[in-house]
Amino acid sequence: MRALVARGPGAPLRVEQVRLPAPGPGELRVRIRAAGVCHSDLSMVNGTLAPAYPLVLGHEAAGVVAEAGPGARVPVGTQVVLNWAPACRRCWFCRHGEPWLCAANTTPAVPRGEMADGTPLHVTLGLGAFAEEVVVPQAAVVAVPGELAPERAALLGCAVLTGTGAVRNTARVAAGESVAVIGLGGVGLSVLTAARAAGAGPIVAIDVAEAKRDLALAAGATDFLVPDDRLSKQVRALTEGRGVDHAVECVGRAATIRTAWRLARRGGAVTVVGMGAKDDLVSLAALDIFHSARTLRSSVYGSSDPDREVPALAREVADGTLDLSPLISGLISLDEAPAAFDRLARGEGARWVVTFPD
Ligand SMILES: [Zn+2]
Ligand SMILES: [Zn+2]
(Lines give C-alpha, C1' and ligand atoms only; values in the text may rest on other atoms or scores of the structure.)
(Ligands and ions follow the chains in the order given, each with its own letter.)
Protein backbone atom coordinates (compact mmCIF):
# COMPACT_ATOMS: atom_id res chain seq x y z
CA MET A 1 0.00 0.00 0.00
CA ARG A 2 0.99 3.66 -0.36
CA ALA A 3 2.15 5.78 2.56
CA LEU A 4 3.86 9.13 3.16
CA VAL A 5 7.37 8.27 4.33
CA ALA A 6 10.11 10.41 5.87
CA ARG A 7 13.59 8.94 5.27
CA GLY A 8 15.39 11.22 7.73
CA PRO A 9 15.39 14.70 9.27
CA GLY A 10 15.07 17.30 6.53
CA ALA A 11 14.79 14.68 3.76
CA PRO A 12 12.02 15.31 1.21
CA LEU A 13 8.76 13.52 2.04
CA ARG A 14 7.67 10.97 -0.52
CA VAL A 15 4.72 8.67 -1.09
CA GLU A 16 6.22 5.17 -1.13
CA GLN A 17 5.13 1.53 -1.25
CA VAL A 18 5.20 -0.14 2.16
CA ARG A 19 3.95 -3.41 3.70
CA LEU A 20 2.21 -3.80 7.05
CA PRO A 21 1.81 -7.06 8.98
CA ALA A 22 -1.66 -8.63 9.25
CA PRO A 23 -3.43 -7.66 12.49
CA GLY A 24 -2.27 -9.83 15.39
CA PRO A 25 -4.21 -10.70 18.55
CA GLY A 26 -6.22 -7.68 19.74
CA GLU A 27 -5.19 -5.63 16.69
CA LEU A 28 -7.19 -4.05 13.89
CA ARG A 29 -6.52 -3.16 10.27
CA VAL A 30 -8.13 0.22 9.60
CA ARG A 31 -8.64 1.66 6.13
CA ILE A 32 -7.89 5.38 6.49
CA ARG A 33 -10.47 7.80 5.08
CA ALA A 34 -9.04 11.14 6.26
CA ALA A 35 -5.86 12.34 7.99
CA GLY A 36 -4.98 15.88 9.09
CA VAL A 37 -1.57 17.50 8.60
CA CYS A 38 -0.59 18.35 12.19
CA HIS A 39 2.36 20.36 13.46
CA SER A 40 3.64 17.38 15.47
CA ASP A 41 4.24 15.56 12.17
CA LEU A 42 6.44 18.47 11.18
CA SER A 43 8.33 17.99 14.46
CA MET A 44 9.13 14.44 13.30
CA VAL A 45 11.04 15.73 10.28
CA ASN A 46 12.35 19.21 11.15
CA GLY A 47 14.73 18.14 13.94
CA THR A 48 12.52 19.03 16.96
CA LEU A 49 12.18 15.31 17.71
CA ALA A 50 14.60 12.54 16.74
CA PRO A 51 12.44 9.55 15.81
CA ALA A 52 13.62 6.41 14.00
CA TYR A 53 13.43 6.35 10.19
CA PRO A 54 12.14 5.44 7.67
CA LEU A 55 8.92 6.67 9.25
CA VAL A 56 5.31 6.78 8.07
CA LEU A 57 3.95 10.17 9.20
CA GLY A 58 0.43 10.97 10.37
CA HIS A 59 -1.39 10.60 13.67
CA GLU A 60 -4.65 12.58 13.33
CA ALA A 61 -7.01 10.38 11.38
CA ALA A 62 -10.28 8.56 10.97
CA GLY A 63 -11.01 5.39 9.07
CA VAL A 64 -13.08 2.23 8.89
CA VAL A 65 -12.19 -1.09 10.49
CA ALA A 66 -11.36 -3.47 7.62
CA GLU A 67 -10.12 -6.54 9.51
CA ALA A 68 -10.05 -7.61 13.14
CA GLY A 69 -7.26 -9.78 14.51
CA PRO A 70 -7.95 -12.68 16.90
CA GLY A 71 -9.81 -11.47 19.98
CA ALA A 72 -10.29 -7.89 18.71
CA ARG A 73 -13.79 -6.73 19.52
CA VAL A 74 -14.42 -3.75 17.20
CA PRO A 75 -16.68 -4.90 14.34
CA VAL A 76 -15.53 -4.62 10.73
CA GLY A 77 -17.16 -1.56 9.13
CA THR A 78 -17.07 0.61 12.27
CA GLN A 79 -15.91 4.20 11.72
CA VAL A 80 -13.12 4.97 14.17
CA VAL A 81 -10.94 7.89 15.21
CA LEU A 82 -7.30 6.98 15.84
CA ASN A 83 -5.89 7.65 19.32
CA TRP A 84 -2.14 8.32 19.42
CA ALA A 85 -1.93 7.87 23.19
CA PRO A 86 -3.91 4.72 24.01
CA ALA A 87 -4.04 4.23 27.76
CA CYS A 88 -2.87 0.92 29.23
CA ARG A 89 -5.38 1.32 32.12
CA ARG A 90 -2.90 -0.44 34.42
CA CYS A 91 0.00 1.96 35.15
CA TRP A 92 0.04 4.41 38.07
CA PHE A 93 -1.11 7.35 35.91
CA CYS A 94 -3.98 5.41 34.35
CA ARG A 95 -5.10 4.17 37.78
CA HIS A 96 -4.99 7.72 39.14
CA GLY A 97 -7.18 9.33 36.50
CA GLU A 98 -4.44 10.72 34.24
CA PRO A 99 -4.53 8.38 31.21
CA TRP A 100 -3.00 11.08 28.98
CA LEU A 101 0.24 10.58 30.92
CA CYS A 102 0.13 6.77 30.53
CA ALA A 103 3.58 5.33 31.21
CA ALA A 104 3.20 2.91 28.28
CA ASN A 105 3.33 5.78 25.75
CA THR A 106 6.87 6.98 25.39
CA THR A 107 8.29 6.59 21.88
CA PRO A 108 7.42 8.85 18.94
CA ALA A 109 8.21 6.11 16.38
CA VAL A 110 7.13 2.48 16.73
CA PRO A 111 8.56 -0.30 14.50
CA ARG A 112 5.85 -1.78 12.25
CA GLY A 113 6.01 -3.30 8.78
CA GLU A 114 8.64 -2.75 6.11
CA MET A 115 9.47 -0.82 2.97
CA ALA A 116 9.01 -2.54 -0.39
CA ASP A 117 12.75 -3.49 -0.35
CA GLY A 118 12.45 -5.10 3.10
CA THR A 119 13.92 -2.20 5.15
CA PRO A 120 12.25 -2.16 8.60
CA LEU A 121 9.66 0.60 8.83
CA HIS A 122 8.45 2.77 11.73
CA VAL A 123 5.10 4.48 12.24
CA THR A 124 4.47 7.82 13.96
CA LEU A 125 3.06 7.46 17.49
CA GLY A 126 2.14 3.85 16.77
CA LEU A 127 -0.20 4.93 13.95
CA GLY A 128 1.41 6.18 10.70
CA ALA A 129 -1.88 7.49 9.39
CA PHE A 130 -0.79 9.11 6.10
CA ALA A 131 -1.30 5.73 4.55
CA GLU A 132 -4.05 3.77 2.89
CA GLU A 133 -4.18 1.51 5.95
CA VAL A 134 -2.86 1.21 9.50
CA VAL A 135 -2.55 -1.82 11.77
CA VAL A 136 -3.06 -0.78 15.39
CA PRO A 137 -3.98 -2.20 18.79
CA GLN A 138 -7.71 -1.89 19.37
CA ALA A 139 -7.01 0.46 22.30
CA ALA A 140 -5.77 2.95 19.67
CA VAL A 141 -9.20 3.43 18.10
CA VAL A 142 -12.37 5.12 19.34
CA ALA A 143 -15.64 4.27 17.59
CA VAL A 144 -17.69 7.22 16.29
CA PRO A 145 -20.99 7.35 14.37
CA GLY A 146 -20.65 6.45 10.68
CA GLU A 147 -22.56 9.64 9.71
CA LEU A 148 -19.75 11.89 10.95
CA ALA A 149 -17.78 13.18 7.94
CA PRO A 150 -14.33 11.53 7.99
CA GLU A 151 -12.44 14.84 7.65
CA ARG A 152 -14.20 16.13 10.77
CA ALA A 153 -13.80 12.86 12.64
CA ALA A 154 -10.05 12.92 11.90
CA LEU A 155 -9.58 16.30 13.61
CA LEU A 156 -11.19 14.98 16.80
CA GLY A 157 -8.17 12.68 17.22
CA CYS A 158 -5.60 15.45 17.73
CA ALA A 159 -6.27 19.16 17.15
CA VAL A 160 -9.80 19.30 18.51
CA LEU A 161 -9.23 16.95 21.45
CA THR A 162 -6.03 18.84 22.35
CA GLY A 163 -7.45 22.35 21.97
CA THR A 164 -10.82 21.62 23.56
CA GLY A 165 -9.19 19.66 26.38
CA ALA A 166 -6.72 22.48 27.09
CA VAL A 167 -9.68 24.82 27.64
CA ARG A 168 -12.02 22.45 29.46
CA ASN A 169 -9.75 20.05 31.35
CA THR A 170 -6.44 21.83 31.88
CA ALA A 171 -7.24 25.55 32.12
CA ARG A 172 -10.90 25.00 33.09
CA VAL A 173 -11.91 28.25 31.44
CA ALA A 174 -15.18 29.56 32.90
CA ALA A 175 -17.86 31.84 31.41
CA GLY A 176 -16.81 35.48 31.54
CA GLU A 177 -13.08 34.76 31.87
CA SER A 178 -10.63 36.36 29.46
CA VAL A 179 -8.39 34.24 27.24
CA ALA A 180 -5.41 34.96 25.00
CA VAL A 181 -4.34 32.32 22.49
CA ILE A 182 -0.90 32.46 20.88
CA GLY A 183 -0.37 30.52 17.65
CA LEU A 184 -3.34 29.79 15.41
CA GLY A 185 -2.77 26.43 13.80
CA GLY A 186 -5.34 23.66 14.12
CA VAL A 187 -4.90 23.46 17.90
CA GLY A 188 -4.97 27.23 18.51
CA LEU A 189 -8.14 27.57 16.45
CA SER A 190 -9.69 24.71 18.44
CA VAL A 191 -8.81 26.57 21.63
CA LEU A 192 -10.68 29.61 20.30
CA THR A 193 -13.71 27.50 19.41
CA ALA A 194 -13.78 25.85 22.84
CA ALA A 195 -13.25 29.18 24.63
CA ARG A 196 -16.21 30.67 22.78
CA ALA A 197 -18.33 27.60 23.62
CA ALA A 198 -17.34 28.08 27.30
CA GLY A 199 -18.70 31.65 27.23
CA ALA A 200 -15.27 33.22 27.71
CA GLY A 201 -14.56 36.81 26.73
CA PRO A 202 -12.69 38.71 25.57
CA ILE A 203 -10.93 36.01 23.53
CA VAL A 204 -7.77 37.51 22.08
CA ALA A 205 -6.17 35.60 19.20
CA ILE A 206 -2.49 36.28 18.48
CA ASP A 207 -0.51 35.14 15.45
CA VAL A 208 2.41 36.48 13.44
CA ALA A 209 0.40 36.00 10.24
CA GLU A 210 -2.13 38.77 9.57
CA ALA A 211 -3.75 36.29 7.15
CA LYS A 212 -5.06 34.36 10.19
CA ARG A 213 -7.35 37.24 11.24
CA ASP A 214 -10.53 36.08 9.46
CA LEU A 215 -9.95 32.47 10.49
CA ALA A 216 -9.48 33.54 14.12
CA LEU A 217 -12.65 35.63 14.18
CA ALA A 218 -14.63 32.83 12.51
CA ALA A 219 -13.33 30.32 15.07
CA GLY A 220 -14.38 32.40 18.07
CA ALA A 221 -11.91 35.22 18.75
CA THR A 222 -13.29 38.60 19.75
CA ASP A 223 -10.00 40.34 18.92
CA PHE A 224 -6.99 39.55 16.74
CA LEU A 225 -3.49 40.93 17.22
CA VAL A 226 -0.22 40.52 15.34
CA PRO A 227 2.45 40.61 18.06
CA ASP A 228 4.90 43.51 18.24
CA ASP A 229 6.31 45.44 21.20
CA ARG A 230 2.87 46.91 21.93
CA LEU A 231 1.28 43.49 22.52
CA SER A 232 1.19 43.53 26.35
CA LYS A 233 -0.31 47.02 26.33
CA GLN A 234 -2.93 46.06 23.75
CA VAL A 235 -3.98 42.97 25.72
CA ARG A 236 -4.09 44.95 28.97
CA ALA A 237 -6.26 47.56 27.27
CA LEU A 238 -8.77 44.78 26.50
CA THR A 239 -8.77 43.51 30.11
CA GLU A 240 -9.14 46.63 32.28
CA GLY A 241 -5.39 46.85 32.64
CA ARG A 242 -4.94 43.45 34.30
CA GLY A 243 -3.97 40.96 31.60
CA VAL A 244 -5.91 37.82 30.76
CA ASP A 245 -7.17 35.15 33.15
CA HIS A 246 -5.81 32.48 30.79
CA ALA A 247 -2.95 32.66 28.30
CA VAL A 248 -2.75 29.56 26.10
CA GLU A 249 0.48 28.96 24.20
CA CYS A 250 0.05 26.81 21.07
CA VAL A 251 3.46 27.29 19.44
CA GLY A 252 6.00 25.45 21.58
CA ARG A 253 8.78 28.05 21.80
CA ALA A 254 10.46 29.68 24.78
CA ALA A 255 9.78 33.14 23.34
CA THR A 256 6.03 32.58 23.01
CA ILE A 257 5.83 30.91 26.43
CA ARG A 258 7.45 34.09 27.83
CA THR A 259 4.89 36.16 25.93
CA ALA A 260 2.03 34.09 27.34
CA TRP A 261 3.49 34.59 30.81
CA ARG A 262 3.55 38.37 30.33
CA LEU A 263 -0.02 38.49 29.00
CA ALA A 264 -1.55 36.66 31.98
CA ARG A 265 -2.86 38.75 34.88
CA ARG A 266 -1.51 38.44 38.41
CA GLY A 267 -2.84 35.13 39.64
CA GLY A 268 -3.66 34.09 36.09
CA ALA A 269 -2.85 30.81 34.38
CA VAL A 270 -0.51 30.01 31.50
CA THR A 271 -1.24 26.77 29.67
CA VAL A 272 1.44 25.45 27.33
CA VAL A 273 -0.05 23.29 24.59
CA GLY A 274 2.77 23.64 22.03
CA MET A 275 5.48 21.00 22.00
CA GLY A 276 8.89 22.71 22.03
CA ALA A 277 12.50 21.61 21.66
CA LYS A 278 14.56 20.25 24.56
CA ASP A 279 17.27 22.91 24.24
CA ASP A 280 14.90 25.92 24.06
CA LEU A 281 15.10 27.30 27.61
CA VAL A 282 12.44 29.55 29.16
CA SER A 283 13.82 32.06 31.63
CA LEU A 284 11.65 33.70 34.28
CA ALA A 285 12.81 35.93 37.11
CA ALA A 286 12.45 34.36 40.55
CA LEU A 287 10.86 37.55 41.90
CA ASP A 288 8.42 37.61 38.97
CA ILE A 289 7.34 34.01 39.67
CA PHE A 290 6.64 34.92 43.27
CA HIS A 291 5.09 38.33 42.73
CA SER A 292 2.93 37.45 39.70
CA ALA A 293 1.34 34.47 41.48
CA ARG A 294 0.76 32.93 38.05
CA THR A 295 0.39 29.24 37.35
CA LEU A 296 2.38 27.68 34.49
CA ARG A 297 1.46 24.19 33.35
CA SER A 298 1.33 22.13 30.21
CA SER A 299 -1.58 20.35 28.60
CA VAL A 300 -0.66 16.97 27.13
CA TYR A 301 -3.31 15.65 24.68
CA GLY A 302 -5.77 18.08 26.27
CA SER A 303 -5.50 16.30 29.66
CA SER A 304 -8.20 14.13 28.15
CA ASP A 305 -9.37 10.55 28.06
CA PRO A 306 -10.02 10.04 24.34
CA ASP A 307 -12.19 6.94 24.92
CA ARG A 308 -14.68 9.13 26.77
CA GLU A 309 -14.16 12.53 25.16
CA VAL A 310 -13.91 11.74 21.42
CA PRO A 311 -17.48 10.30 21.33
CA ALA A 312 -18.68 13.33 23.33
CA LEU A 313 -17.02 15.71 20.86
CA ALA A 314 -18.54 13.74 17.97
CA ARG A 315 -21.98 14.38 19.50
CA GLU A 316 -21.20 18.11 19.79
CA VAL A 317 -20.21 18.20 16.11
CA ALA A 318 -23.41 16.35 15.15
CA ASP A 319 -25.70 18.69 17.10
CA GLY A 320 -23.90 21.84 15.93
CA THR A 321 -22.45 22.87 19.32
CA LEU A 322 -18.96 22.49 17.90
CA ASP A 323 -18.38 23.96 14.46
CA LEU A 324 -15.22 22.56 12.89
CA SER A 325 -15.58 24.26 9.51
CA PRO A 326 -13.18 27.15 10.31
CA LEU A 327 -10.51 24.55 11.06
CA ILE A 328 -10.50 22.84 7.68
CA SER A 329 -8.57 24.75 5.02
CA GLY A 330 -8.98 22.15 2.32
CA LEU A 331 -9.14 18.49 1.39
CA ILE A 332 -6.13 17.15 -0.49
CA SER A 333 -4.81 13.84 -1.86
CA LEU A 334 -1.95 11.85 -0.34
CA ASP A 335 0.28 13.00 -3.20
CA GLU A 336 -0.41 16.62 -2.24
CA ALA A 337 0.59 16.04 1.40
CA PRO A 338 4.28 17.07 1.02
CA ALA A 339 3.16 20.46 -0.33
CA ALA A 340 0.76 20.78 2.63
CA PHE A 341 3.70 20.26 5.00
CA ASP A 342 5.45 23.20 3.32
CA ARG A 343 2.34 25.34 3.77
CA LEU A 344 2.12 24.30 7.42
CA ALA A 345 5.79 25.23 7.95
CA ARG A 346 5.04 28.66 6.45
CA GLY A 347 2.01 29.04 8.75
CA GLU A 348 -0.52 29.09 5.93
CA GLY A 349 -4.12 28.04 6.59
CA ALA A 350 -5.51 25.92 9.41
CA ARG A 351 -5.80 22.18 8.77
CA TRP A 352 -5.15 20.53 5.43
CA VAL A 353 -6.80 17.13 5.48
CA VAL A 354 -5.69 14.24 3.28
CA THR A 355 -8.66 12.20 2.13
CA PHE A 356 -8.60 8.78 0.52
CA PRO A 357 -10.98 7.58 -2.18
CA ASP A 358 -13.38 4.81 -0.98
ZN1 LIG B 1 -1.27 16.24 16.20
ZN1 LIG C 1 -1.19 3.55 31.58
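The values are calculated or read from the model by the stated rules, or taken from the named source; none is laboratory data. Predicted model only: the values in this text are computed from it and were never measured. All Cβ positions, even for glycine, are placed from backbone atoms using ideal geometry, and neighbour counts span all protein chains on display. Remember, those area values only see protein heavy atoms, side chains included, never the ligands or the DNA or RNA. Shrake-Rupley method; radii C 1.70, N 1.55, O 1.52, S 1.80 Å.
Since only Gln17, Ser299, Ala6 are under comparison, the one whose Cα sits farthest along the positive direction of the charge dipole of the chain, derived from C-beta charges on Lys, Arg, Asp and Glu, is Ser299.
P(r) for segment 67-170, from all Cα pairs and a bin width of 10 Å, is 13, 39, 37, 10, 1 %, short bins first. Dipole magnitude for segment 8-72: about 140 debye, using +1 per Lys or Arg Cβ and -1 per Asp or Glu Cβ, origin at the Cα centre.
I want the local charge near Ile203. Using Cβ-Cβ distances under 10 Å, sum +1 for each Lys or Arg and -1 for each Asp or Glu among the other residues.
Values: positive: Arg196; negative: Glu177, Asp223.
Taking every other residue near Ile203 into account, the sum is -1.
Could you give me D for the chain, from Stokes-Einstein at 10 °C and 1.306 mPa s, where the hydrodynamic radius is the Kirkwood radius over C-alpha pairs? Units µm² s⁻¹, please. After rounding, the answer is 77 µm²/s.
Under the 0.36 nm per residue contour assumption, what length would be gained going from the current alpha-carbon distance of Ala209 and Arg31 to full extension? Don't jump to the answer; show the numbers that get you there.
Numbers: separation 178, 0.36 × 178 = 64.08 nm, distance 3.57 nm.
Difference between extended and current length: 60.5 nm.
In the chain, excluding the sites themselves, the longest stretch lacking any of the GluC sites (Glu not before Pro) that are in a DSSP loop with at most 11 other Cβ atoms within 10 Å is 1-146. Computed from the Kirkwood radius of its Cα pairs, the Stokes-Einstein diffusion coefficient for segment 263-307 at 25 °C and 0.890 mPa s stands at 198 µm²/s.
Judged by the ratio a/c of the largest to the smallest principal axis of the C-alpha gyration tensor, segment 176-329 counts as prolate, that ratio being 1.5 or greater while a/b is larger than b/c. Ranking Val181, Ala50, Leu313 by Cα position along the charge dipole of the chain, where only Lys, Arg, Asp and Glu carry charges on their C-beta atoms, puts Val181 farthest toward the positive end. Where in segment 50-73 does the amide nitrogen come within less than 20 Å of the point 7 Å from the Cα of Ala22, taken along Cα to Cβ? So the set is 65-73.
With Rg and the Kirkwood Rh both taken from Cα atoms, where does Rg over Rh land for segment 273-350?
Numbers: Rg = 18.7 Å, Rh = 17.0 Å.
Computed over Cα atoms, the ratio is 1.10.
Calculate, in nm to one decimal, what Val226 and Ile289 gain on full extension: separation in residues at 0.36 nm each, minus their alpha carbon distance. Please list the in-between numbers first.
Working: separation 63, 0.36 × 63 = 22.68 nm, distance 2.63 nm.
The Val226-Ile289 span can extend by a further 20.1 nm.
Please give the net charge around Val135, taking every other residue with its beta carbon less than 9 angstrom from that of Val135, where Lys and Arg add +1 and Asp and Glu add -1. Working shown, then result.
Numbers: positive: Arg29, Arg112; negative: Glu27, Glu67, Glu133.
Computed value for this residue: -1.
Inter-label distance, Val76 to Asp307: 2.6 nm, where each label sits 7 Å from its Cα along the C-beta direction.
Judged by the ratio a/c of the largest to the smallest principal axis of the C-alpha gyration tensor, segment 141-217 counts as oblate, that ratio being 1.5 or greater while a/b is no larger than b/c. Globularity index of segment 14-123 is 1.15 (Cα radius of gyration / 2.2 N^0.38 Å, N = number of residues).
If you roll a 1.4 angstrom probe over the protein chains with everything in place, what fraction of the accessible area of segment 201-358 belongs to carbon and sulfur, to the nearest %? Don't skip to the answer; put the middle values down first.
On the way: 4140 of 7710 Å².
Here carbon and sulfur together make up 54 percent of the probe-accessible area.
In the P(r) worked out for segment 127-260, what percent of Cα pairs fall beyond 28 Å? Mind dumping the intermediate values first?
Values: 2122 of 8911 pairs.
Tail fraction, whole percent: 24.
Could you state the accessible area per residue of segment 184-243 in Å², with a 1.4 Å probe and every protein chain left in place?
Working: 2560 Å² over 60 residues.
Counting only protein heavy atoms, the per-residue value for segment 184-243 is 43 Å².
Spin-label pair Ala11-Val282: with each label point 7 Å from Cα along the Cα-Cβ axis, the two points sit 3.4 nm from one another. In terms of its Cα atoms, segment 184-228 spans 27, 19, 14 Å along the principal axes, sorted from long to short. In sequence order, segment 204-216 has phi-based couplings of 9, 9, 10, 8, 5, 9, 4, 4, 7, 4, 5, 4, 4 Hz under the Karplus curve 6.51 cos²θ - 1.76 cosθ + 1.60, θ = phi - 60°, and Gly or Pro positions carry x. Length gained on full extension, Met275 to Ala254: 6.5 nm, using 0.36 nm per residue less the C-alpha separation. The distance separating the Cα centre of segment 184-208 from that of segment 229-260 comes to 13 Å. Summing charges over all other residues whose Cβ lies under 13 Å from the Cβ of Gly47, with Lys and Arg as +1 and Asp and Glu as -1, gives -1.
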